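See below for the structure under consideration.
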Amino acid sequence: MKKMLLMLSVLVPLLGYAQREKTPIPTTEISENLFRLFVNNRVSVVALTGEDGLLIVDTGYEQTAADLGEKLGEVSTKPLRYIVNTHIHSDHTGGNQALGKGVDIIAHQSVREYLAKDKVQGERTIPAFPQYAQPNITFTDRMELEFNGQLIQLIHLPSGHTGGDIILYFPKNNVLVVGDLLFANYFPYVDVGNGGNPIHYFENVTWIIENFPHDTTVIGGHGPVYTIQEFKQWKLSLEKTFDVVREHKSKGLTAEQMKEQRVLKEWEEFGKFFITEDRWIDTLFPFM
Ligand SMILES: [Zn+2]
């Protein structure tokens with residue numbers, strides 16, 4: 001007994017001081033004063049720093065917000081002035097509560113509507129964000145923001161990944177931040193239940209490619225940073241999957257039969273993140 005007590009008295013303080021494991025957030029300066037923080041090697045947060053302060057695009061997960069906040073302190077000693085949310089999903093808005101106090105939060109109007117409501121998911125209810133963590137500056141089509149010596153463009157592209165996707169263009173850096181309109185190297189997730197559509201998704205990608213300079217850097221929500229040429233290759237490769245699913249559907253195959261026959265086997269590598277070959281078939285099937 002005495003021995004056990006001794007052991008406990010040694011162990012308890014040790015456990016108490018044990019460091020919580022930190023989230024890996026590899027950080028790269030993509031262009032002068034513009035950083036990509038890759039939260040848990042899964043989701044992008046982009047930070048622009050300068051005279052006026054710090055602006056970030058997306059806030060990662062709720063659970064990684066403290067580590068993200070710390071990392072942002074290494075990138076810039078300036079105060080956080082703006083958060084921009086590219087869309088509603090919790091891996092892009094989850095840090096709003098921890099980081100958003102006293103900060104202006106910008107998003108598409110539908111993002112505020114979504115975050116302001118309680119959401120029932122099966123047995124669970126996800127409560128509305130407190131007001132300070134909801135976007136307080138919203139728009140429906142386009143807006144411009146003069147910050148750190150450049151006129152940042154924010155553009156809504158309807159009905160792609162979700163109904164309220166926005167992209168940002170930083171002209172001084174020649175960098176586009178496109179949120180989940182890019183899952184670099186992978187099949188994208190299309191949130192049909194929240195206004196997404198796989199056909200419009202790639203129409204929006206095409207629009208982006210045609211409307212920005214040919215040497216633009218493209219940062220997506222997931223995966224590596226791309227050149228605009230790589231963005232185009234990704235799009236062209238995935239559009240071929242439309243033809244495959246359409247052809248098989250016209251011959252009378254069901255989605256289940258396509259999965260059994262692995263009609264998208266050629267794109268096997270694209271299925272190794274979040275959306276598998278099977279889920280991509282399910283996404284496309286109703287639209288082909
Ligand atoms: Zn998303």
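The values are calculated or read from the model by the stated rules, or taken from the named source; none is laboratory data. What you see is a predicted model, and the numbers here were worked out from it, not measured in a lab. With ideal geometry, Cβ positions are generated from the backbone for all residues, glycine too; neighbour counts draw on all protein chains shown.
Among the residues of the range 249-272, is there at least one that is β-branched (Val, Ile, Thr), modelled with pLDDT of 95 or more and farther than 24 Å from Thr162 by Cα? Let's see the steps before the verdict.
We begin by selecting, within the range 249-272, every residue β-branched (Val, Ile, Thr); these are 254, 263.
Within this subset, residues satisfying the condition of being modelled with pLDDT of 95 or more are 254, 263.
So of that shortlist, the ones also farther than 24 Å from Thr162 by Cα come out as 254, 263.
Scanning the range 249-272, I find at least one residue that is β-branched (Val, Ile, Thr), modelled with pLDDT of 95 or more and farther than 24 Å from Thr162 by Cα, so the answer is yes.
Selection over the range 159-202 of residues that are among the small types (Gly, Ala, Ser) and closer than 22 Å to Val46 by Cα gives a count of 5. Of everything listed in (1) within 22 Å of Val192 (Cβ to Cβ); (2) polar (S, T, N, Q); (3) in contact with a helix residue (DSSP H, G or I) (Cβ under 7 Å, 6 or more places away or on another chain), the single unmet condition for Gln97 is (1).
Every residue, every condition in (1) crowded, with 21+ Cβ neighbours inside 10 Å; (2) within 20 Å of Tyr226 (Cα to Cα); (3) within 14 Å of the ligand (Cβ to nearest atom); (4) not aliphatic (A, V, I, L, M), yes or no:
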residue	(1), (2), (3), (4)
Gln153	no, yes, no, yes
His156	no, no, no, yes
Leu168	yes, yes, no, no
Asn174	no, yes, no, yes
Gly179	yes, yes, yes, yes
Phe187	yes, yes, yes, yes
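Could you check the range 153-169 and list, in sequence order, the residues that are polar (S, T, N, Q) and free of Cβ contacts under 8 Å to residues at least 40 places away in the same chain? The answer is Gln153, and nothing else. Tell me whether the range 115-132 contains one or more residues that are within 16 Å of the ligand (Cβ to nearest atom) and among the aromatic types (Phe, Trp, Tyr). Within the range 115-132, none of the residues are within 16 Å of the ligand (Cβ to nearest atom) and among the aromatic types (Phe, Trp, Tyr).
Note on the range 55-82: residues that are crowded, with 24+ Cβ neighbours inside 10 Å, within 16 Å of the ligand (Cβ to nearest atom) and over 22 Å from Val192 (Cα atoms) total 3. The residue of the range 204-232 that is nearest to the ligand (Cβ to nearest atom), among those that are surrounded by fewer than 15 Cβ atoms within 10 Å (Cβ to Cβ) and acidic (Asp, Glu), is Glu210. Evaluate the following for Lys172: is it part of a helix (DSSP H, G or I), modelled with pLDDT of 95 or more and not β-branched (Val, Ile, Thr)? Taking the combined requirement at face value, the residue does not satisfy it. Taking the criterion of being in a strand (DSSP E or B) and among the aromatic types (Phe, Trp, Tyr), the residues of the range 114-147 that qualify are Phe139, Phe147. Of the numbered criteria (1) under 13 Å from Phe242 (Cβ atoms); (2) within 13 Å of the ligand (Cβ to nearest atom), the one Gly193 fails is (1). The single condition among (1) surrounded by fewer than 21 Cβ atoms within 10 Å (Cβ to Cβ); (2) away from the ligand (no atom under 13 Å from the Cβ) that Val245 does not satisfy is (1). Among residues that are away from the ligand (no atom under 16 Å from the Cβ), closer than 25 Å to Ala184 by Cβ and either modelled with pLDDT under 95 or more than 20 Å from the chain's Cα centre (by Cα) (or both), Lys22 is included. Consider Val39 carefully, then state whether it is within 14 Å of the ligand (Cβ to nearest atom) and under 22 Å from His156 (Cβ atoms). For Val39, the condition - within 14 Å of the ligand (Cβ to nearest atom) and under 22 Å from His156 (Cβ atoms) - is not met. If the condition is being away from the ligand (no atom under 16 Å from the Cβ), surrounded by fewer than 23 Cβ atoms within 10 Å (Cβ to Cβ) and touching a residue at least 24 places away in the same chain (Cβ under 8 Å), then the range 84-105 contributes Gln97, Ala98, Leu99, Lys101, Gly102, Asp104.
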